[in-house]
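Beneath this line is the structure, given in structure tokens, with notes to follow.
The values are calculated or read from the model by the stated rules, or taken from the named source; none is laboratory data. Owing to the predicted nature of the structure, the values given are computational and were not obtained by experimental measurement. Quick reminder, even Gly has a Cβ in these numbers, built from the backbone with ideal geometry, and neighbours come from all protein chains shown.
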Amino acid sequence: MKVNRHGQAAIFSDKDFESILANMPGENHKMILRLAYWTAGRAGEVCSLMTSDVYNGDGKPLKRVTYRASQTKTNKTRQVPIHKNLRELLINYWKINQPDTTGYLFPGGEGEHLQLQSFDDALRRAVAKSKLTGCGYSTHSARRTILTAMARRGMALSIIQKFSGHTTISSLERYIDIEESDLELAIANF
């Protein structure tokens, strides 16, 4: 789906993000996309979350989502604060799905978590249904979108790096989309 993007996933526009969400099959896939966005999680990390990484035993969202070292690309545990918008989405998700507190938040077959390929297939179908094929959206778009938004709001790269879990600033910089208008704004505000 990364059409002519030189291996980089496209950044979601707000309108496209909402359209894709509306066309995602099932609450699990929608919540995976939302968690990937609000926590800058890789889709594979999100798919493998345990319920206890997000909720307490009573079904209330924790203050932070925990991505365990065994789930992350960097093999380091990362905790991400839960935004108020995500908190509301998680409360509603619990009411509808009541996930097993001792298992995976997004269960798949035979004691496994939902596989990344399943989410990728659902995302591709939602993108096609939204008539957005060819825009370059992929499972990494949510992560790139939130990190780019943080940079555009003036957050320090060191803070964004801690949030995203990137090991270096240079690896983080590849995630931040810079447009011509960003350059024009930079010099206009000088």
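Annotations
- Flag if A128 is under 26 Å from K15 (Cβ atoms) and either part of a loop (DSSP other than H, G, I, E, B) or without any contact (Cβ under 8 Å) to a residue 40 or more places away in the chain (or both): yes
- Among the residues of region 97-134, those that are surrounded by 14 or more Cβ atoms within 10 Å (Cβ to Cβ) and of a type in the set (V, I, T) comprise T101, V127.
Conditions tested, residue by residue: (1) touching a residue at least 60 places away in the same chain (Cβ under 8 Å); (2) within 21 Å of V65 (Cα to Cα); (3) not in a helix (DSSP H, G or I).
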site	(1), (2), (3)
C135	yes, no, yes
A142	yes, yes, no
L147	yes, yes, no
A151	no, no, no
S170	no, no, no
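- Total residues in region 61-120, condition free of Cβ contacts under 8 Å to residues at least 24 places away in the same chain, assigned to a helix (DSSP H, G or I) and aliphatic (A, V, I, L, M): 1
- Among residues of region 27-60, those that are touching a helix residue (DSSP H, G or I) at 6+ places or on another chain (Cβ under 7 Å) and touching a residue at least 40 places away in the same chain (Cβ under 8 Å), counted: 21
- Among the residues of region 85-96, those that are in contact with a helix residue (DSSP H, G or I) (Cβ under 8 Å, 6 or more places away or on another chain) and surrounded by fewer than 16 Cβ atoms within 10 Å (Cβ to Cβ) comprise N85, I96.
- Restricting region 70-84 to residues that are within 15 Å of S52 (Cβ to Cβ) and modelled with pLDDT of 90 or more leaves a set whose member that is surrounded by the fewest Cβ atoms within 10 Å (Cβ to Cβ) is T77.
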